[in-house]
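One structure below.
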Amino acid sequence: MGAGFLLGLAALAASSAAASDAPAPPPIAAFDARVKEYLALRDKAAADLPKLSKESTPEEVVRHQQALAARIKTARKGARPGDFFNPDLQALVKRTVAEVLSGPDAKSVKASIMDENPGSPRLAVNERYPTSVPLTTMPPQILGTLPRLPKGLEYRFLGPHLILLDIDADLVVDFTAGVIPP
């Protein structure tokens, strides 16, 4: 390998590292702060619940989820849509998802989202994810445009809505409507 190639590779690595150290845009920084606050609240709610083991039965897992969800709901009594997906972040999410869905892979990306997407059951913040609805696949092209989430939180689509889901509590933390165009 030539010295020029190695220097170019080093420059690319340095610019990539610098880009990851760059401050996040304000809507994403605010979202990240709210996620950290939520995780602290969830950790506090889970602190004295019995721990699940690898041998836990499905019934024990469900009881644990329900107990954790009940504690989170109590701690977030005033939660409402937009607490995490504020208007600035909603606009950013809708714009970036629209860009992906108008790109060269648009048809296959939208088809993968809608394949298991049953439509729009009633959604509410601080409520369980609808038990009769499968969890949709999140295409990597979409995930790559959204703020990165810590373990235990996931994005999911339900109809045209983007949901922030706490998988440990099986709880809808927030959602934003109309992300997937008709």
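Derivation of every value follows stated rules applied to the coordinates shown; laboratory data play no part. Quick caveat, the model's predicted, so the values are computed rather than measured. Every residue, glycine as well, gets a Cβ built from its backbone with ideal geometry; the counts of neighbours run over all protein chains shown.
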**Report entry** Qualifying aspartates and glutamates (Cα of each under 18 Å from Cα of Lys54; at least 8 residues distant if same chain)
**Finding:** Asp168
Query raised in the report: Which of Ala30, Ala111, Ala70 moves the most in a Gaussian network model of the chain with Cα springs under 10 Å?
Result: Ala111
Query raised in the report: Between Tyr129 and residues 5 or more places away or on another chain, which pairs have amide H atoms under 5 Å apart, with H built 1.01 Å from N, and which residues are they?
Result: Leu171, Val172
Query - Rounded to 10°, Cα long-axis angle of helix 26-46 versus longest principal axis of the chain - result: 40 degrees
Query - Nitroxide proxy distance, nm - points 7 Å out along Cα→Cβ at Leu149 and Glu99 - result: 2.1 nm
Requested in this report: Using 0.36 nm per residue of separation minus the Cα-Cα distance, give me the extension gain between Ala29 and Asp88 in nm, one decimal.
Outcome: 20.1 nm
**Report entry** Pairs beyond 24 Å (Cα-Cα), from Lys44/Lys151; Lys73/Lys110; Lys36/Lys110; Lys77/Lys110; Lys36/Lys77
**Finding:** Lys73/Lys110; Lys36/Lys110; Lys77/Lys110
Query raised in the report: Per-residue HN-Hα couplings for the range 170-180, Karplus 6.51 cos²θ - 1.76 cosθ + 1.60 at θ = phi - 60°, whole Hz, x for Gly and Pro?
Result: 6, 10, 6, 7, 6, 7, 10, 7, x, 6, 8
Report summary line: The local net charge around Gly103, scoring Lys/Arg +1 and Asp/Glu -1 for residues other than Gly103 whose Cβ lies under 14 Å from its Cβ, equals +1
Report summary line: In whole angstrom, the spacing between the Cα centers of the range 110-181 and the range 62-108 equals 7 Å
Query raised in the report: Using unit Cβ charges (K, R positive; D, E negative) and no other charged atoms, how large, in debye to the nearest 20, is the dipole of the range 63-134 about its Cα centre?
Result: 480 debye
Requested in this report: Determine how many Å³ per residue the convex hull of the Cα atoms of the range 25-176 encloses.
Outcome: 117 Å³
Report summary line: When the chain is treated as a Gaussian network with springs between alpha carbons less than 10 Å apart, the largest mean-square fluctuation among Pro81, Pro150, Pro50 is found at Pro50
Query raised in the report: Taking the chain as a Gaussian network, where each spring joins two C-alpha atoms under 10 Å apart, which residue of Ser102, Ser53, Ser120 fluctuates the most?
Result: Ser53
